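A short write-up of the structure that comes next.
Derivation of every value follows stated rules applied to the coordinates shown; laboratory data play no part. Just so it is clear, the structure is predicted and the values come from calculations on it, not from any experiment. Glycine also receives a Cβ, built like all others from the backbone with ideal geometry; neighbour counts cover every protein chain displayed.
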Amino acid sequence: MAQVCDVAELGAGDGRLALLFARKGMSAVILDTTDWRDGDVRESTVKFELVQEDSPYKLPDKSIDFFYSYGTLEHVRNPFRVFEEGIRI
C-alpha cells in the first residue's frame, strides 16, 4: 500500500484539518479563494495557494497523494471542474 505524503484540501476554511495532517508528518497545502486560516495554521508548515474558481490550480500533475474537500462543492459553480483538477493533481 502506498503511503500518503502530500495532501491538498480545497476550501479549507480555518485550515484545522490540514494542520492535523501536517502534524502527522505529511506535506499539506490549502487551496482556497480566500484565506480563512487560523493564526496557528498560518504559522505552521501548511502551505496556502490562492485559487480562482474557474482557473487551473497551480500544482503540477500527479503532485498530490490525497485530495479532499468537504462542505465546499455546494458553493462552486462547476463542481465537475473541481473533480477534474483534483484528479489531475
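Setting aside same-chain residues fewer than 8 positions from residue 24, which lysines have a Cα under 16 Å from its Cα?
47
Could you give me the radius of gyration and the Dmax of the chain, taking only the C-alpha atoms into account and expressing both in angstrom?
Taking only Cα atoms of the chain, I get Rg and Dmax of 12.4, 35 Å.
Explain nothing, just compute: Karplus ³J(HN,Hα) = 6.51 cos²θ - 1.76 cosθ + 1.60, θ = phi - 60°, for every residue of region 42-50 in order, whole Hz, x for Gly and Pro.
4, 8, 8, 7, 5, 7, 10, 10, 6
Cβ under 13 Å from residue 3's Cβ, residue 3 left aside: what net charge do those residues give with Lys, Arg +1 and Asp, Glu -1?
Value of the local net charge: -1.
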